[in-house]
1. Looking at Gln20, Gln88, Gln70 in this structure, which one is over 17 Å from the mean Cα position of the chain (by Cα), part of a helix (DSSP H, G or I) and at pLDDT 80 or above?
2. Considering each residue of segment 153-180, count those that are in contact with a helix residue (DSSP H, G or I) (Cβ under 8 Å, 6 or more places away or on another chain) and closer than 22 Å to Tyr108 by Cα, and give that number.
3. Name the residues in segment 118-148 that are hydroxyl-bearing (Ser, Thr, Tyr) and within 14 Å of Lys162 (Cβ to Cβ), would you?
4. Under the condition of being touching a residue at least 60 places away in the same chain (Cβ under 8 Å) and in a loop (DSSP other than H, G, I, E, B), which residue from segment 173-205 is least open to solvent (accessible area, probe 1.4 Å)?
5. Could you please find all residues in segment 149-167 being of a type in the set (A, V, I, L, M, F, W, C) and under 25 Å from Gly73 (Cβ atoms)?
6. Which is in a strand (DSSP E or B), touching a helix residue (DSSP H, G or I) at 6+ places or on another chain (Cβ under 9 Å) and either of a type in the set (Val, Ile, Thr) or within 21 Å of Ile69 (Cβ to Cβ) (or both), of Leu106, Leu214?
7. Output the residue which, of all residues in segment 100-116 that are open to solvent by 30 Å² or more (accessible area, probe 1.4 Å) and in contact with a strand residue (DSSP E or B) (Cβ under 8 Å, 6 or more places away or on another chain), is nearest to Gly73 (Cα to Cα).
8. Restricting segment 128-172 to residues that are of a type in the set (D, E, K, R), in contact (Cβ under 8 Å) with a residue 60 or more places away in the chain and not in a loop (DSSP other than H, G, I, E, B), which is least open to solvent (accessible area, probe 1.4 Å)?
Amino acid sequence: MSDSDDDVPQLSAATLAALQEFYAEERGGLVQNTAPVDKFSVGAVEEDWRMSQFWYNDATATRLAEEVIQEAGKGGRIACLSAPSVYQKLKQGVVEGSGGVSAVVLEYDRRFATYGQEFVFYDYNEPLSLPEDVAPQSFDIVLADPPYLSEECLTKVAQTVKYLAKGKVLLCTGAIMEEHAEKLLGLKICRYIPKHNKNLANEFRCFTNYPSSLLS
């Protein structure tokens with residue numbers, strides 16, 4: 001994971017200050033979380049900004065889960081590539097139709113191995129280094145959220161997406177990647193704007209290669 005800092009989605013100044021304060025308190029032992037956490041809740045695995053991790057807020061995770069459920073269809077398979085918060089929302093059982101689909105989460109962060117066989121270790125620097133049981137074109141829809149805002153990162157992630165997807169692709173990334181998203185995957189920018197738990201300075205958007213209500 002060796003992209004320059006300029007490629008990392010940027011936190012707003014206020015959010016960054018709050019995050020730094022939180023880490024300082026945590027190191028000092030001032031932050032205690034004794035409440036039980038559902039392993040599929042977004043807070044079950046804390047964001048690590050050093051790995052460019054920024055989780056969606058609940059409304060966005062729910063909306064994207066609804067989208068992939070609809071597009072996968074009953075009995076469909078969904079791949080959440082570097083998008084663990086959507087995978088978690090699918091597994092919570094709170095989104096209509098989630099019980100009728102299956103999903104896997106492809107992630108570099110091995111903390112998500114707690115999800116067992118539905119976790120697939122993924123390093124975008126080795127886009128086709130996947131387990132043998134992950135068959136090509138075996139997912140009805142692939143939702144991808146590349147960790148870095150760079151052509152190099154998206155180019156490699158696009159290789160993985162093309163390997164996994166039967167056809168439908170939903171990409172969430174910075175608006176500045178619009179040209180590359182169209183060139184690499186034939187995706188069109190949507191009007192829908194995904195939001196994160198921590199405010200990001202970069203404008204994020206969704207991109208699809210199929211007709212979607214996210215487009216309008």
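The values are calculated or read from the model by the stated rules, or taken from the named source; none is laboratory data. Everything numeric here is computed off the predicted structure, so don't read it as measured data. In this analysis, Cβ positions are derived from the backbone assuming ideal geometry, glycine residues included, and neighbour counts consider all displayed protein chains. For the accessible areas, the whole protein counts, side chains as well, though only heavy atoms, and no ligand, DNA or RNA atoms are used. Shrake-Rupley method; radii C 1.70, N 1.55, O 1.52, S 1.80 Å.
1. Details: Gln20 fails: at pLDDT 80 or above; Gln88 fails: over 17 Å from the mean Cα position of the chain (by Cα).
Answer to the check: Gln70.
2. 12
3. To start, the set of residues in segment 118-148 that are hydroxyl-bearing (Ser, Thr, Tyr) comprises 122, 124, 129, 138, 148.
Of everything in segment 118-148, those that are hydroxyl-bearing (Ser, Thr, Tyr) and within 14 Å of Lys162 (Cβ to Cβ) turn out to be Tyr124, Ser138.
4. Restricting attention to segment 173-205, the residues satisfying the condition of being touching a residue at least 60 places away in the same chain (Cβ under 8 Å) are 174, 192, 194-202, 204.
Narrowing the set further to residues that are in a loop (DSSP other than H, G, I, E, B) leaves 192, 194-195, 197-199, 201-202.
Numbers: Tyr192: 54, Pro194: 5, Lys195: 107, Asn197: 87, Lys198: 58, Asn199: 99, Ala201: 73, Asn202: 43 Å².
Step by step, filter segment 173-205, then rank; the result is Pro194.
5. Answer for segment 149-167, where residues must be of a type in the set (A, V, I, L, M, F, W, C) and under 25 Å from Gly73 (Cβ atoms): Val157, Ala158, Val161, Leu164, Ala165.
6. Values: Leu214 fails: in a strand (DSSP E or B).
None of the others qualify; the one that does is Leu106.
7. Ser102
8. Of segment 128-172, the ones of a type in the set (D, E, K, R) are 132-133, 140, 145, 151-152, 156, 162, 166, 168.
This time we only want the ones that are in contact (Cβ under 8 Å) with a residue 60 or more places away in the chain, so: 140, 145, 152, 168.
Then keep just the ones that are not in a loop (DSSP other than H, G, I, E, B); that gives 140, 152, 168.
Numbers: Asp140: 37, Glu152: 76, Lys168: 66 Å².
Once the filter is applied, the top-ranked residue is Asp140.
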